[in-house]
Structure formats: structure tokens, C-alpha cells
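The values are calculated or read from the model by the stated rules, or taken from the named source; none is laboratory data. Everything quoted here is computed from the prediction, not taken from an experiment. Counting neighbours? That spans all protein chains shown, and the Cβs are built from the backbone with ideal geometry, glycine included.
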Amino acid sequence: MLTIADLRYYLLALMDYFSRYILAWGIVPTVTQKEVQQLLTLAYFNEGLEREEHKPMLRADWGSPNTARKTRRLIKDLEMLLRLSRVHRPTDNARQERWFRTAKQEEIYCYPTYPSLELARSSIGDYIRYYNEKRPHQALWNYTPAFVHRLGNKTQLLDLYRESIRMAKERRISLNRMKKETRVVCVNY
């Protein structure tokens with residue numbers, strides 16, 4: 001939840017669970033099935049999923065907009081599968097919960113109220129671009145969500161991580177050798 005011109009609004013976001021990349025987002029005054037369906041459709045076409053043979057599985061909570069008949073119908077029409085989290089189990093959707101916490105701490109709580117909807121969209125849009133493109137994640141081995149999302153392959157990601165560890169070790173060994181070779185001994189008389 002966020003405040004815009006002293007009115008309550010909601011930030012909706014759809015995240016790729018593997019990469020933590022924010023696929024689509026919106027700021028709405030109320031959360032109904034219409035907003036959820038618009039967000040799903042936006043993400044579906046932005047990601048080019050209509051061309052993909054294997055469609056993603058959606059993870060959502062039991063909120064009425066997510067479980068509405070028309071929302072379920074849209075998900076079925078888009079050939080996706082909906083997996084609902086267990087009731088009162090935020091850990092079932094921990095990555096999404098963590099993202100909202102981070103967005104609140106790093107962006108939303110910095111403004112007691114956004115002056116206008118346009119400024120809120122601009123500021124939050126800038127933050128989401130930063131989050132996706134520039135903010136490294138410890139859980140992603142300090143890669144950005146955008147990098148991991150574009151790579152899209154866990155094996156390649158692990159290989160890159162292992163290679164960066166190997167290179168860091170070699171640099172450390174080389175620096176340590178140079179330090180040993182260039183030690184200067186000072187003698188006081």
C-alpha cells in the first residue's frame with residue numbers, strides 16, 4: 001500500500017520466481033479481478049509467452065481477485081497453470097513478499113505521500129528499473145534480476161558463478177605472491 005495525494009493506492013507486481021525480475025507492475029486505487037487480469041495480460045505479451053511452447057506456472061495467494069472465475073478463465077486461456085499458496089503461509093510466496101518489503105523500505109517509505117499519481121508512477125518505475133537492472137541480489141550470487149532473467153538457465157548461472165569464484169581466487173593468490181616478492185625490510189639503527 002502507498003499514499004498518493006493523501007489517498008490509498010496499491011502497488012501490484014508480477015515477478016519471475018527464478019530471477020526475481022519484475023515482469024509487470026501497476027498502481028491502482030483498488031485491487032479487483034480486472035487489475036489482476038490486466039497485469040497478467042501485460043506480462044504475458046511483454047514476455048512474448050504467446051510464442052513459447054511451455055507456459056509458466058503462476059503462484060498467487062487466495063485473494064478474491066486471484067481466484068475469481070474470470071481470472072482463472074484468463075489463466076486457462078493463456079495456457080498457464082495457477083498454483084495458490086496455502087492460507088496464512090507467507091513463506092509460500094516468500095520471494096514476492098520479500099520484494100514488496102524491499103520496495104517499501106527503499107522507495108515507498110521514503111515518501112509519506114506522493115504528490116500525484118504521475119509522480120508516483122515515475123518514481124516507482126525508476127525504482128523498479130533500478131531493482132531489475134542495477135541492484136545485485138545476494139540470493140542470485142550478486143547478479144541482477146535482469147541478467148538472470150535474460151540468461152534464463154540455472155546451469156549457466158551456476159557455471160558463471162563458479163568461474164567468477166575461480167577468477168577471484170586466482171587474483172588473490174597472484175596479489176599475495178606479489179606482496180611476498182616486494183616486501184621491504186626496514187632496519188632501525
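Some notes on this structure:
- Meets criteria (surrounded by 13 or more Cβ atoms within 10 Å (Cβ to Cβ), of a type in the set (Ser, Thr, Tyr) and either on the phi > 0 side of the Ramachandran plot or at pLDDT below 95 (or both)) for Ser123: no
- Filter result for the condition that a residue is among the aromatic types (Phe, Trp, Tyr) and within 23 Å of Ala139 (Cα to Cα), over Tyr21, Tyr9, Tyr44: Tyr21
- For segment 147-189, the tally of residues that are among the hydrophobic types (A, V, I, L, M, F, W, C) and modelled with pLDDT of 85 or more stands at 11.
- Qualifying positions in segment 1-11 - closer than 22 Å to Ala68 by Cα and modelled with pLDDT under 95: Met1
- Segment 20-61, residues that are of a type outside the set (Val, Ile, Thr) and under 19 Å from Asp126 (Cα atoms): Arg20, Tyr21, Leu23, Ala24, Trp25, Gly26, Leu39, Leu42, Ala43, Asn46
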